[in-house]
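Have a look at the structure below, then the notes.
The values are calculated or read from the model by the stated rules, or taken from the named source; none is laboratory data. Note that the structure is predicted; figures quoted are calculated from it, not measured. Don't worry about glycine lacking a Cβ; one is built from the backbone with ideal geometry, like all the others, and counts go over all protein chains shown.
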Amino acid sequence: MLPCEKSYPEALRILVVDGLSLQGLGAKGTDFRLHLALDLTTMTLHEIQVTGSEQGEKLTRFRFEKGDLVIADRCGCVPRT
């Protein structure tokens, strides 16, 4: 392992957010959507939500704090309407 020159503030949270579609056996389409945020600094789930198939990915569904570093794919970048 390489030595780390810099240390990160203890309060820094790095959150990865994503959503995925869930289908039951024999389903013809999406039944539910699973939305989750993983805290990479502690390797724990920060937040998890199960919604109906009509609910898309949005960053606004999660609770973030000032200073959080959030990593998301382009599907999470839906403008507010």
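Looking only at the stretch 46-66, count how many residues are surrounded by fewer than 11 Cβ atoms within 10 Å (Cβ to Cβ) and among the hydroxyl-bearing types (S, T, Y). The qualifying residues number 1.
Any residue at all in the stretch 1-9 that's over 12 Å from the mean Cα position of the chain (by Cα), exposed (fewer than 13 other Cβ atoms within 10 Å of the Cβ) and modelled with pLDDT of 80 or more? Looking for residues that are over 12 Å from the mean Cα position of the chain (by Cα), exposed (fewer than 13 other Cβ atoms within 10 Å of the Cβ) and modelled with pLDDT of 80 or more, one finds none in the stretch 1-9, hence no.
Residues in the stretch 50-81 that are part of a loop (DSSP other than H, G, I, E, B), hydrophobic (A, V, I, L, M, F, W, C) and either within 14 Å of L20 (Cα to Cα) or modelled with pLDDT of 85 or more (or both): 2 in all.
Please find, within the stretch 22-68, the residue that is farthest from L12 (Cα to Cα) out of those that are free of Cβ contacts under 8 Å to residues at least 12 places away in the same chain and charged (D, E, K, R). So, considering only residues that are free of Cβ contacts under 8 Å to residues at least 12 places away in the same chain and charged (D, E, K, R), the one farthest from L12 (Cα to Cα) is K28. Restricting attention to the stretch 20-45, and to residues there that are under 23 Å from I71 (Cα atoms) and in contact with a Ser or Thr (Cβ under 6 Å, 6 or more places away or on another chain), which single residue is surrounded by the fewest Cβ atoms within 10 Å (Cβ to Cβ)? The extreme case among them is S21.
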